[in-house]
1. Tell me, which helices (runs of 4 or more DSSP H) wholly within segment 510-627 include 3 or more residues that are among the small types (Gly, Ala, Ser) and out of contact with any strand residue (DSSP E or B) (no Cβ under 8 Å at 6 or more places or on another chain)?
2. Mind counting the residues in segment 120-164 that are polar (S, T, N, Q), under 28 Å from the mean Cα position of the chain (by Cα), outside any loop (DSSP other than H, G, I, E, B) and surrounded by fewer than 23 Cβ atoms within 10 Å (Cβ to Cβ)?
3. Please go through segment 31-59 and give me each residue that is buried (at least 21 other Cβ atoms within 10 Å of the Cβ) and of a type in the set (A, V, I, L, M, F, W, C), ordered by number.
4. Answer yes or no as to whether Ile507 is touching a residue at least 40 places away in the same chain (Cβ under 8 Å), out of contact with any helix residue (DSSP H, G or I) (no Cβ under 8 Å at 6 or more places or on another chain) and under 25 Å from Ser77 (Cβ atoms).
5. Of all residues in segment 576-621 being crowded, with 17+ Cβ neighbours inside 10 Å and among the hydroxyl-bearing types (Ser, Thr, Tyr), which is farthest from the chain's Cα centre (by Cα)?
6. Listed residues Tyr356, Tyr346; which is modelled with pLDDT of 85 or more and of a type in the set (Ser, Thr, Tyr)?
7. What is the number of the single condition among (1) part of a loop (DSSP other than H, G, I, E, B); (2) in contact with a strand residue (DSSP E or B) (Cβ under 6 Å, 6 or more places away or on another chain) that Tyr445 does not meet?
8. Of all residues being in contact (Cβ under 8 Å) with a residue 60 or more places away in the chain and either out of contact with any helix residue (DSSP H, G or I) (no Cβ under 8 Å at 6 or more places or on another chain) or closer than 30 Å to Asn424 by Cα (or both) in segment 259-289, which is least open to solvent (accessible area, probe 1.4 Å)? Just the residue, please.
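The values are calculated or read from the model by the stated rules, or taken from the named source; none is laboratory data. Just so we're clear, the structure is a prediction, and the values are computed from it rather than from any experiment. Using ideal geometry, Cβ is built from the backbone for each residue, glycine included, and neighbour counts are taken over all protein chains shown. Side chains included, ligands, DNA and RNA excluded: accessible areas come from the protein's heavy atoms. Shrake-Rupley method; radii C 1.70, N 1.55, O 1.52, S 1.80 Å.
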Amino acid sequence: MVLKLNHFDSKTKQDTGIEEKLKNTLAQYLFPDVEFSIGTAYPEATIPLDLQEHNGMTLQFCAGKRMYFASDPNIRSVLYSNPSDGAAYPLPFTPCRSFHELEDVRILVVDDATGENGGVIATSDAKKLVGDCKGLIDKDFAASNNIRNRAFQFRLGIKPQAESPVMRIAKGTLAPARLDQMENLFFSMDGNIKDGTFRSKFGCDMVLATSSFKGRRGEDAIQPGKYILSIGLGVKALALYREHSLGTQFLVNYPHAVKNEILPIIKQQAKQLAQEQKDLKKLAQRYIETYERRKALFSQNIELENTPLNENHLFHIFDDLDSGGEDEANNDGDNINNPRKDLLLYSLLKADLSHYCQLIEHPKIVSELQDFVRKQWVDIATGRSIKFTSGLAQPSLELKCDEICIPYLDENEEIIVTRSPLINSNGVITLKNKHLREVLDGCVYIHPKTAMDNMQCDFDGDLLAFTPSKDFPQLASEVKQRNLPNNRYPDIIKKAKIPYQGTFEEIAVYSIDNKIGIIANEIQKNLALQCEICAMPQSDKFNYFRQISKHFNKLLQQYEQGKLAIPDKIVEQIKPVALTNINSNDSVEVEKKLHQVKRILFDCIAHLGNELQVAADGPKSSLRPDQ
């Protein structure tokens, strides 16, 4: 299943000559006779008029700057009752690893908030089966439909039919489980007694959470209960353990651990890389070791393990190796973005180093190694060379709020846990590892309240990153200190989503707006300023405070003139600092005032955290960050 979409510029109406291919999408299943194209939009430049009908196609969905046009002008209204959902949930265009058209699937839908399930089983039992966007799939049912026995992220589509008169779409994660024991759910029969093919079966094939279904609300929402449906199921990604890079967004929260524990590691990494890059053999060996380390984490999952290289394609892939240019689209050192290409390079280097060492001087191989070492330097410079491990988040009500389950780590071991993107240090905590009886590879189990309260984590595919505290003892200590009641930021407030108004073209233009990066950088700047005050020599503090006082005075003038909006709480904190006049010899007073400045910065981070959450919800809500 390959969906082909031609690209065009929404401003000039010119085709770009780019044909994008999306594999295994719901768009092909739900709208098989519809043609699609993608118009590129531009923040602060594109206007609703630019998004009118083009080549007989109208705008139906959007995702950031990608505007999805379709030959049928009604498909959005068929799928979503609210036009703004076409911007909030462009799910039909998510590519998947595999896609399965399934008939007569026995599904139990459960309200994951209350456990309501149409009276089929006790609500307390039903609630244990699901989570926020998390459900179950029967192991035998999955195996019979060539779905691997692992938890996975999914996309699901339902065409109009007897038990579902409207089209529906869902997303989330499904974990394989034994559902044939649920005898009071379904009973089905097939086959023939005479020829010995008669079979009967209890249980159900899937359990889905109501939160997984997107776009239809209120009376139009799917109701908890039993259904027998024909569905399209896309397996988007399998649960697997993989490397997780920390980077500045994480490390800036922990200056003492960075200075005493992280920097020595980074310096050693830089020293080693500087030596190895001088020798192509050593650099090639480093590539091999990096590849093998990552493969060891998820060798059972990635497609390259099941799709060996075909000799007919070896030279074609070799031609695709870099010859000197940079491909920024594949500039993520944490992921094997092109498994076949990476496997080829790994295989070539492994064989060459074992024998004649001639290929490593080939221009294409040299270029690939140069790109590899460049990425390694970027990782070292930004702290991304410090690694945790990540896995697919899954809920468990068997765990307490201070517990986590990572199956392959020792029981009772203390674990540092976080999630990207990180809003502030509230999102990094320490938990005790507890082994559960039934677990799946690639998963991290956590109590839903712990996940949401600390990391705004649900279970629709979010990843949790972790490492044993013993690997970074000083970091673990500072994480605990940051989570003391006096040091924690106020909990993030998720504001109610406000639907977009206007034509869909207007909604699409408005939804392009994205301030996530700007706000995240502001948070890091405020953290850096706090660290600067702590690290500053005593002799510099008085002059530094004078500069801050002058700056605050300017801010207050702009505020009073109506040129700058500042939260009232911050204004009241700024005034005493701006109006302070202290003597350079009064070091105690300087320290007191700088402590006030740090508190202001702390409260600014708390305020920015809420604004960052608003920005993250931008595609789903017309509410925008307070600028």
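1. Numbers: elements: 516-535, 538-560, 568-578, 587-616.
Ranges flagged: 516-535, 587-616.
2. 0
3. Listed by number, the residues that qualify are Phe31, Phe36, Ile38, Ala41, Leu51, Leu59.
4. Details: touching a residue at least 40 places away in the same chain (Cβ under 8 Å): yes; out of contact with any helix residue (DSSP H, G or I) (no Cβ under 8 Å at 6 or more places or on another chain): no; under 25 Å from Ser77 (Cβ atoms): yes.
So Ile507 does not fit the description; no.
5. Per the criteria, the residue is Thr580.
6. Working: Tyr356 fails: modelled with pLDDT of 85 or more.
Testing whether each residue is modelled with pLDDT of 85 or more and of a type in the set (Ser, Thr, Tyr) leaves just Tyr346.
7. Only one criterion is unmet by Tyr445, namely (1).
8. Ile262
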